[in-house]
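One structure is given here, and the rest of the page talks about it.
The values are calculated or read from the model by the stated rules, or taken from the named source; none is laboratory data. Values in this document were obtained by computation on a predicted structure and should not be read as measured data. To get the accessible areas, we keep the full protein, side chains included, count just its heavy atoms, and leave off ligands, DNA and RNA. Shrake-Rupley method; radii C 1.70, N 1.55, O 1.52, S 1.80 Å.
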Amino acid sequence: MSDQKPKHKARIERNEIVGDSNNSQHKEISRRDVLKFISVGLAVVALSGSVRLAGLAQERSGILRPPGAMDEDHFRSLCLSCNKCQEVCPQEVIRPVKLTESLETAGSPTLSFAKNYCNLCMECTKICPTDALLPIRQSEARIGIAKVMAERCAPWLGNSCGHGCAHSCPFDAISMDGQNRPHIKSELCVGCGICVVACSLSANQFFTKGIVVFPIDSSEPG
Ligand code: SF4
Ligand code: SF4
């Protein structure tokens, strides 16, 4: 043990001191480049890891389909990923599933309430050429079920907010408890996403809003 330390120290001294000034500069630049390369590499790995995790989380929780999609197996067997439903949606809430969300169903339509909600106009159900989206009546539409994300929702964390979710719901599917915390009445929720848009929290690639709509048959309860 005692004769190992000096050898190690000597190696460090050789790298940093031995050689003329030009060589040591080259070594410094090269070392800096290597460190930069490693840190960029780590950042890319971390980012791709988080995107992959987000994708896996999405896959586990299921893909939210437009109204008229009955069960997921039936939908997948008929959907051509032709994007006709996306083209007619006046609310622009239909987008293709990303590869990072699902390898199996990438390109098929999903709903995103990042900027807007579904107004249940049912136009997407009328245009579908294969009945992957059945032309159901508005009153029959059940896109998903909203869930309050207690770890994000302000009142659930003891903070105040304007309760935009409850005020905006046209189906009275959100009630408040004695501490002004929102609860979903799953029997009334149709998954239109108005509450998601109304939530005052901002979402990004790592965090959701305080309320999220999940598919009815997903592992996430409403
Ligand atoms: S029902 Fe209307 S608003 Fe909702 S997803 Fe279909 S086309 Fe868009
Ligand atoms: S998704 Fe939100 S706004 Fe729409 S019915 Fe459900 S609770 Fe109400």
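Structure notes:
- Of Arg95, Arg137, the residue with the largest accessible area leads and the full order is Arg137, Arg95 (1.4 Å probe).
- Ligands, DNA and RNA are left out, and with a 1.4 angstrom probe the accessible area of the range 62-141 is 53 Å² per residue.
- Alpha carbon convex hull of the range 144-222, volume per residue in cubic angstrom: 88 Å³
- Exposure rank, largest accessible area first [Glu92, Glu72, Glu187; 1.4 Å]: Glu92, Glu187, Glu72
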